[in-house]
Each structure stands twice: as structure tokens, then as C-alpha cells.
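Below is one structure, written out as C-alpha cells; the observations come after it.
The values are calculated or read from the model by the stated rules, or taken from the named source; none is laboratory data. Just so we're clear, the structure is a prediction, and the values are computed from it rather than from any experiment. Note that each Cβ is placed from the backbone with ideal geometry, even for glycine, and that neighbours are counted across all protein chains shown. The area values use the complete protein model at the heavy-atom level, side chains included, leaving out ligands, DNA and RNA. Shrake-Rupley method; radii C 1.70, N 1.55, O 1.52, S 1.80 Å.
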Amino acid sequence: MLFRSDRGRTVAIVGATGSGKTTLLHLIAGLVPARAGSVALGTTRIGLVFQEAFLFAESLRYNLTLGADVGQDAIDRALHLAAAAEFVADLGVSLDTELGERGVSLSGGQRQRLALARALAMGSELLLLDDTTSALDPTTEATVLNNLRSLGDNVTTLVVASRPSTIALADEVVFMSDGAVVAAGTHESLLANSNDYRTLISAFEHDRQSSEAAGTH
């Protein structure tokens, strides 16, 4: 199935485990070749942010810029967009403070937000988020996605998502199964027209409720 998205949109990539979501992002990023068909992009400034965010045993500044000449304003803006500015300030460290081996002192959600801030600081116009916000609480995740949406046509975001509230925030949804895009549209239209999509969203919601119930004991 052909899928096309306009600049500035937030697109949720949705599917069961093994449906090809990560492979699709890798294909778009050019990490794997297309066996058939083609991928056309409107930019070469692509930022792929993995679920397991990698940080270097270097300074906070280096982890945000990878040694590139990035101005302070761009760094501050990236931290704000990634909802990382507040927790960085709470750490009481400067940008030249070393984070330690792979940011071991940071939580998973903090590492994810710094990795996202890095992609933004480097000027990415197409963000590929491979379940990047999975370690964030729903409120922070919504803040991040709304911040990205506020950039308008400057940044397009494709995000692998399994949290129903996240999926509902997207402008469009790409539904994948068995390594192929089987449907695309708004969350509401897919709920109305696809039995498989409704079943998957119900399973996601059940998993969320079960996790929350387990956390109360």
C-alpha cells in the first residue's frame, strides 16, 4: 500500500510486535535497502531516535551536539522541545559536565529525552522515533508530541507507538501487519473501518490497564 504524508505532520506507526514498524523506520532512514518499490523523502536531515537511547561517557554538551558547532540558543530550544530543560536544570550540572558511562545516573525517560533533544539540536527535519517516548509518563509524552507539532512544517515526526493516548494525538496513523502497510488514515477513521485495528487498540488498552493495576499492588 502506498503511503504519503505532508510536511509537518505527526504520524503514528502502529502494529503488533513483529509487524515491521522498526524495519519501516530503518528503511526510511536508509539503514536497510528497499527490496521493491521506493522511498522518496523531502529532506536529507533525518534523525532516528531509538527506544534504547545511547549516550556517550562525555559531557552533556557533546551528547547533544556530537561535537558539531551548535549554538547555545539551538541547544536550549532542543531541550525545551524534548521536555528535558527542567530535569537538566534540576540536575544542577552544566553542559560541560560528563554524564558518566552511557548516562547511567539518568532514568530511561531522561535518556530518551536527551536523545530526542540531540536530534533536534542537530537540525533534523524528519524525526523517526522508534518507541522513543515509551519510558515517559503519558503527560510528558503528550507535552513532547505537542511541542513537536508546534514546529509546523519545519519538522515531520513518525513515531512508533503502542499507547492509545499517544496514537490518538497523531495527525495520521499507519497500520502495519506482516511487514506491510495495510491501512492509513486518522485514528478515528481506522477505528471505524478496520476490525483488525480496533482489536489491536483494544489489546493495547488492556495491556495498559493491566500494567496500571499491577503497579497499585
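Could you work out the helix-only [θ] at 222 nm for the chain, with each DSSP H run of four or more residues adding -39,500 (n - 2.57) and the total divided by the number of residues, to the nearest 500 deg cm²/dmol? If you can, show how the numbers build up before the last one.
Values: 9 runs with 92 residues, N = 217.
The helix contribution divided over the chain gives -12500 deg cm²/dmol.
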Relative contact order for the range 1-110, counting Cα pairs under 8 Å that sit 6 or more residues apart, in percent
27 percent
Only Lys, Arg (+1) and Asp, Glu (-1) charged, at Cβ; the chain dipole about Cα centre in debye
480 debye
Taking Cα pairs under 8 Å and at least six residues apart, what relative contact order does the chain come out at, in percent?
33 percent
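Accessible area per residue of the range 16-56 at 1.4 Å probe, in Å²?
Details: 2740 Å² over 41 residues.
Accessible area per residue: 67 Å².
So in the chain, what percent of DSSP beta bridges are antiparallel if you round to the nearest 5?
On the way: 6 of 23 bridges.
Within the chain, antiparallel bridges account for around 25 percent of the total.
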Between 0 and 90°, nearest 10: helix 108-121 axis offset from the chain longest Cα axis:
80 degrees
With every protein chain in place, the accessible area of residue 80 for a 1.4 Å probe, in Å² rounded to the nearest 10, comes to 110 Å²
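Would you work out the relative contact order for the range 110-188, in percent, from Cα pairs under 8 angstrom that are 6 or more residues apart? Write down the numbers at each step before the final one.
On the way: 70 pairs, mean separation 20.2, N = 79.
For the range 110-188, the relative contact order is 26 percent.
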Starting at the first residue of the range 197-202, write each ³J(HN,Hα) from the Karplus equation 6.51 cos²θ - 1.76 cosθ + 1.60 with θ = phi - 60°, in whole Hz, x for Gly and Pro.
5, 4, 5, 5, 5, 5
Specify which labelled value, from (i) 19.4, 72; (ii) 15.9, 46; (iii) 17.6, 52, agrees with Rg and Dmax of the Cα atoms in Å derived from the coordinates of the model shown.
(iii)
